[in-house]
Every structure is written in structure tokens, then in C-alpha cells.
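Have a look at the structure below, then the notes.
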Amino acid sequence: MSPVQTVRGPVADPGATLMHEHVFGLSPEILWNWPDIPEGWDLEERAREAAGKLNELKAAGIDTIVDLTVVGLGRYVPAVQRVAEQTDVHIVAATGLYTYDALPPYFGNRGPGTLFGGPDRLAEFFVRDITDGIGRTGVRAGMLKCATGRQGITPGVERVMRAVAEAHRATGVPITTHSESATRNGLDQQKLLAAEGVDLDRVVIGHAGDSTDLAYLEELIANGSYIGMDRFGIEFTSFEDRVATVAALCERGHAGRMVLSHDSYCFNDRFDPEVVRRRHPNYHLLHVSRDVLPALRERGVTEEQIHRMLVDNPRRILGGGS
């Protein structure tokens with residue numbers, strides 16, 4: 001197993017890991033131009049808050065989170081570094097680009113077939129984040145990310161996915177996705193990535209846990225990928241359904257292909273925090289440890305299966321071990 005890259009540097013073993021979380025989700029142009037908004041940004045204050053939440057998570061038995069905040073979600077790694085200095089939780093940074101459709105103009109106006117042409121620099125940027133570090137931080141990304149929404153694989157999304165595949169082939173770094181379970185487009189993601197030469201054993205199909213369709217989930221697994229049961233606390237799929245789906249897949253022998261998480265943020269200026277608390281009161285970093293794991297145990301999921309989902313599977317994905 002290779003060392004796992006984290007914000008503080010490589011670690012030999014990530015331990016118990018939540019595979020799909022976020023530290024900060026920021027809107028730079030809003031914060032630059034209207035800095036007095038109520039959910040305003042003070043780096044040191046927000047870093048202390050985030051570190052406090054991660055320290056609670058550490059006390060609950062979690063050692064590592066994978067921070068899947070990439071370009072398009074307000075990634076700002078210097079702020080995450082300040083958090084990492086104040087917590088013992090390991091943070092794995094990611095690279096990639098988050099869009100459901102068009103690319104940001106910097107990329108959308110460059111590259112083959114665009115208005116002004118020229119080379120497509122997406123893969124170059126992703127590889128640089130992995131091999132040299134993100135910006136001037138020296139923090140090397142340990143995960144690649146791409147996304148599809150209800151629109152499916154649009155031309156812009158296709159460019160991102162092909163660039164992610166190219167960066168994966170060049171570096172060996174694993175890939176995770178944002179998928180839309182309602183349209184079963186994790187299968188489309190697998191098809192495109194496989195056609196680009198990606199070993200699907202190095203791919204996590206994210207947000208698969210939004211689905212209760214066991215046939216769909218088992219097809220994703222049969223194609224070779226891990227599936228992310230990673231939105232616990234977001235109640236458009238109920239807590240009971242999410243837990244029952246994981247338990248059913250464990251009963252069918254698939255614990256070795258699932259990872260658990262929340263897709264939560266320590267701070268996110270895109271949502272009103274009071275509205276989120278009212279509508280999704282369990283949308284926080286401690287929900288899996290405090291509520292999900294006991295519920296899984298009640299449904300017959302064994303400690304060995306929980307260990308696979310929280311420890312063994314993340315270790316294999318991030319470190320490339322068998």
C-alpha cells in the first residue's frame with residue numbers, strides 16, 4: 001500500500017475514514033464583493049470552528065476525512081491547512097472540477113472545439129495538483145473528482161471526465177464521482193471512464209446511497225466500482241431507507257464495496273445554516289458515528305462489515321492496496 005497524501009503530508013494508514021466530506025464551501029466572488037453578508041468569512045474564526053468539529057469527530061472514532069471540495073465548489077486549500085494545524089484528523093484534498101453542464105469560462109473558452117481553440121489544460125492542472133501540489137501550498141491531492149447531474153454527460157462534463165481519466169492514468173490517484181441516482185447515471189460514468197482506460201476498481205460512484213434500487217447498486221458493484229453510501233443526514237432519501245439499503249447489501253455480501261459518509265460541510269456559504277438545520281437536523285459530521293452505525297448493528301450488520309466500510313475499503317481506495 002502506498003502512503004496516503006493528506007494536507008499535512010503522507011500518512012501510512014488513514015484509519016477509519018469518511019470518504020465524501022467537505023471542510024469549506026466558498027463563493028469567492030460573493031465574499032470579495034459583499035464581505036458584510038451574515039455568513040461572512042473570517043479565515044481564523046472559521047478554521048477554529050472547523051477544527052473543533054473535526055476534533056469531535058476524532059473523539060467519535062474517525063481518523064480521516066476526504067475533502068472533495070474541488071474547483072467549482074470554492075476550494076481554498078490555505079484555509080484547510082489552517083484547520084489541519086489544529087486537529088489530529090487527517091484531511092485528504094482532492095482535485096478535479098465540479099460542474100453539471102458548462103465549464104467555467106477559463107476552460108470553456110480554451111481547448112479543441114471552443115471559440116478560441118488551443119490546448120485543453122484540464123488534465124494538466126489536475127496532474128499538477130497531484131504531483132507538485134495545489135497552488136503554492138505544497139499540498140498534494142489524493143483524490144480526483146468529477147460530477148454528473150440530471151443533465152447527464154454534457155459536452156462540458158465529458159471534457160472534465162476525460163481529463164480526470166487522463167490524470168488518473170498519469171498518476172494512479174483514485175477517482176470519486178458525484179452521480180445522480182434517480183437517473184442511474186453512475187452506469188454512464190462507469191462506461192465513459194472504462195472507455196478511457198480507467199480500472200473501475202479505482203473508482204467510487206458517489207451518492208449511490210441516494211438509491212434504494214438494489215439491482216442498480218449491484219450492477220455498479222458488478223462492474224467493479226465501490227459505491228458511496230455518503231449522504232447520511234440528507235433526508236430526501238430517509239434515514240430508514242439509507243440504513244436498510246446498506247444493511248441489505250451487506251447481507252448480500254457487498255460490504256467490501258461500500259464506503260460511508262455524509263457529504264457535509266464544516267462551513268458552507270451556499271446554504272442558509274438555519275434552514276439546513278431545520279430541514280436536515282442530522283446533516284453533520286457525527287451522524288454516521290452516533291446514529292448510523294448503531295442502526296446498522298441493530299439490523300444485523302457485523303463489526304467486521306463496518307470495519308470494511310470504514311477502514312479497509314478506504315485504505316484500499318486511497319492507498320491502492322489489495
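The values are calculated or read from the model by the stated rules, or taken from the named source; none is laboratory data. For clarity, every value in this text was computed on a predicted model and none was experimentally measured. Here the Cβ positions follow ideal geometry from the backbone for every residue, glycine too, while neighbour counts run over all protein chains shown. When the accessible area is computed, the model is the full protein with side chains, heavy atoms only, and any ligands, DNA or RNA have been set aside. Shrake-Rupley method; radii C 1.70, N 1.55, O 1.52, S 1.80 Å.
Here's a check for you: in segment 6-58, which residue that is of a type in the set (S, T, N, Q) and assigned to a helix (DSSP H, G or I) is modelled with the lowest pLDDT? Break it down into steps so the answer makes sense when it comes.
Quick first cut of segment 6-58, residues of a type in the set (S, T, N, Q) only: 6, 17, 27, 33, 55.
Narrowing the set further to residues that are assigned to a helix (DSSP H, G or I) leaves 33, 55.
On the way: Asn33: 91, Asn55: 98.
This residue is Asn33.
Under 19 Å from Leu73 (Cβ atoms), at pLDDT 95 or above and open to solvent by 10 Å² or more (accessible area, probe 1.4 Å): which single residue out of Asp210, Asp201, Asp188 fits that description?
Details: Asp201 fails: under 19 Å from Leu73 (Cβ atoms); Asp188 fails: under 19 Å from Leu73 (Cβ atoms).
Just one listed residue meets the conditions, Asp210.
Taking segment 190-231 only, how many residues are touching a helix residue (DSSP H, G or I) at 6+ places or on another chain (Cβ under 7 Å) and farther than 18 Å from Asn313 by Cα?
Counting residues in segment 190-231 that are touching a helix residue (DSSP H, G or I) at 6+ places or on another chain (Cβ under 7 Å) and farther than 18 Å from Asn313 by Cα gives 12.
Listed here are the residues, each with its yes/no results for (1) surrounded by 24 or more Cβ atoms within 10 Å (Cβ to Cβ); (2) under 12 Å from His90 (Cβ atoms); (3) in contact with a strand residue (DSSP E or B) (Cβ under 9 Å, 6 or more places away or on another chain).
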| site | (1), (2), (3) |
| --- | --- |
| His20 | yes, no, yes |
| Trp32 | no, no, no |
| Gly40 | no, no, no |
| Leu43 | no, no, no |
| Leu57 | yes, yes, yes |
| Ile65 | yes, yes, yes |
| Leu68 | yes, no, yes |
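If you take the residues in segment 235-274 that are open to solvent by 20 Å² or more (accessible area, probe 1.4 Å), modelled with pLDDT of 95 or more and assigned to a loop (DSSP other than H, G, I, E, B), which one is nearest to Pro294 (Cα to Cα)?
Ser238
Given the condition loosely packed, with under 14 Cβ neighbours inside 10 Å, of a type in the set (Val, Ile, Thr) and either closer than 28 Å to Arg202 by Cβ or out of contact with any Leu (no Cβ under 6 Å at 6 or more places or on another chain) (or both), answer yes or no: does some residue in segment 123-143 qualify?
There is at least one residue in segment 123-143 that is loosely packed, with under 14 Cβ neighbours inside 10 Å, of a type in the set (Val, Ile, Thr) and either closer than 28 Å to Arg202 by Cβ or out of contact with any Leu (no Cβ under 6 Å at 6 or more places or on another chain) (or both).
Given the conditions (1) touching a helix residue (DSSP H, G or I) at 6+ places or on another chain (Cβ under 8 Å); (2) within 29 Å of Asp199 (Cβ to Cβ), which single one is not true for Asp269?
Condition not satisfied by Asp269: (2).
How many residues, within segment 291-309, are loosely packed, with under 13 Cβ neighbours inside 10 Å and either in contact with a strand residue (DSSP E or B) (Cβ under 6 Å, 6 or more places away or on another chain) or assigned to a helix (DSSP H, G or I) (or both)?
Total satisfying the criteria: 4.
Checking Ala215 against (1) farther than 23 Å from Leu18 by Cβ; (2) modelled with pLDDT under 95, which test does it fail?
(2)
Name the single residue that is farthest from Ala60 (Cα to Cα) among those in segment 1-18 being crowded, with 23+ Cβ neighbours inside 10 Å and not aliphatic (A, V, I, L, M).
Thr6
If a residue has to be more than 22 Å from His280 (Cα to Cα), surrounded by 18 or more Cβ atoms within 10 Å (Cβ to Cβ) and not hydrophobic (A, V, I, L, M, F, W, C) to count, how many in segment 224-234 make the cut? First the steps, then the outcome.
So the first thing to find is which residues in segment 224-234 are more than 22 Å from His280 (Cα to Cα), and the list is 224-227.
Those still in the list that are surrounded by 18 or more Cβ atoms within 10 Å (Cβ to Cβ) too: 225-227.
The next check asks that each one be not hydrophobic (A, V, I, L, M, F, W, C); those that pass are 225-226.
Count: 2.
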